[in-house]
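A short write-up of the structure that comes next.
The values are calculated or read from the model by the stated rules, or taken from the named source; none is laboratory data. Computed from a prediction, not measured in an experiment: that's the story for all the values here. Note that each Cβ is placed from the backbone with ideal geometry, even for glycine, and that neighbours are counted across all protein chains shown. Just so you know, the surface numbers come from the protein's heavy atoms only, side chains and all, with ligands and any DNA or RNA stripped out. Shrake-Rupley method; radii C 1.70, N 1.55, O 1.52, S 1.80 Å.
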Amino acid sequence: KPGADFHWGGAGLALASGITFAIYVVMLPVLRHEKVTGFLFTFYIALCSAVMMALVCLATGQLALPQSLTGWVWCTLFALGVTCGAVVLFQQGTFCIGPEKASILSTFEPITSVVAGVAFMGERIGFRDYVGILLVLAASVLIAIFDMKKEKGSL
């Protein structure tokens, strides 16, 4: 929430998320197996995530289920879109271009989230958001430039 006080627990969870995502991206090509397709691997990831989230929600008393058929339909569409769209496409991209390039390209995800929030939810972005977007873009461009120079130097 913009303007909220800093919360160490939230920062720790965000850091843990980043670390586990980095491990996932690096290990993805290593764990690829001919018998385990992207969809099956995604199913296992989704199953583990669902079980863990259900346990946490039940333990904290924060399990909230949709209250209408429309809510269930939107939740289902969102879940399928995220699972089949984002996860499977990211996996296939990582298999094609490798974990290093996939992780560089995934730095654009926060920018995409901001644009989607503005376009679909009417969110407003402020000066700090613009600065963050510029920093992400600059970091991605610099990484790509240095990567290209490194590849040219090794030829």
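Just to be sure, is L137 within 20 Å of the chain's Cα centre (by Cα), more than 28 Å from R32 (Cβ to Cβ) and surrounded by 11 or more Cβ atoms within 10 Å (Cβ to Cβ)?
The answer is yes for L137.
Taking the stretch 64-92 as the range and being open to solvent by 90 Å² or more (accessible area, probe 1.4 Å) and more than 19 Å from the chain's Cα centre (by Cα) as the test, the residues that pass are L65, Q67, L69, W72, W74.
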